[in-house]
Amino acid sequence: IKEVCAVGKTPVAISIKFDNYPEETAWELYNSSNQLVASAGFNAAGTSITGFKILGFLARSTFNANQCLSPGTYTFVIYDKYGDGLADGTTQPGTYSLKLADGTVLASGGGDFGQFEDKTFTIN
């Protein structure tokens, strides 16, 4: 993680390896007060999934982003507009992970999770 965070914040790396349809994927990150902290893959209003193909991501490519998070509990939600998660009937489903700089996995998943999957984790 190359992100330099303000004192008291922790860098978290978000990585999504898409299936063959990056246009179906979006994600959101909420704090414990259910406030949206970050998101990607939605239209400007945040009401519709536009996915990542519109941003230039190709099938099986990988999206990486870093977030600086204060101590607390967070919920990562990943969405699939088609409803098959990061699976597309091939033998290589997509995956996602949120990790600390030392490699500690905070949340991960992939494959067929339906229309969405959420994972809660804590930053100390």
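With charges set only on the Cβ (+1 for Lys and Arg, -1 for Asp and Glu), what does the dipole of segment 1-102 come to about its Cα centre, in debye to the nearest 20?
Magnitude of the dipole: close to 280 debye.
Can you tally the net charge around ILE54? Count Lys and Arg as +1, Asp and Glu as -1, for every other residue whose Cβ sits under 12 Å from the Cβ of ILE54.
Neighbour charge sum, excluding ILE54 itself: -1.
At 0.36 nm per residue, minus the direct Cα-Cα distance, what do VAL77 and THR90 gain on full extension? Give it in nm, one decimal, please.
Taking VAL77 through THR90 to full extension adds about 2.4 nm, to one decimal.
Which whole-number percentage describes the relative contact order of segment 1-78, with Cα contacts under 8 Å and a sequence gap of 6 or more?
45 percent
Less than 19 Å from a label point 7 Å out along the Cα-to-Cβ axis of THR120: which backbone N atoms in segment 9-45 qualify, by residue?
So the set is 28-38.
Under a point spin-label approximation (7 Å from Cα along Cα-to-Cβ), what is the ALA59-VAL7 distance to one decimal in nm?
Going by the 7 Å Cα→Cβ label model, 5.1 nm.
In the set (i) 32, 21, 11; (ii) 34, 26, 14; (iii) 24, 15, 14, which value of semi-axes √(5λ) of the Cα gyration tensor in Å was calculated from the structure you see?
(iii)
Read-outs throughout are calculated quantities, based only on the coordinates presented, and are distinct from any laboratory measurement. Computed from a prediction, not measured in an experiment: that's the story for all the values here. Glycine also receives a Cβ, built like all others from the backbone with ideal geometry; neighbour counts cover every protein chain displayed.
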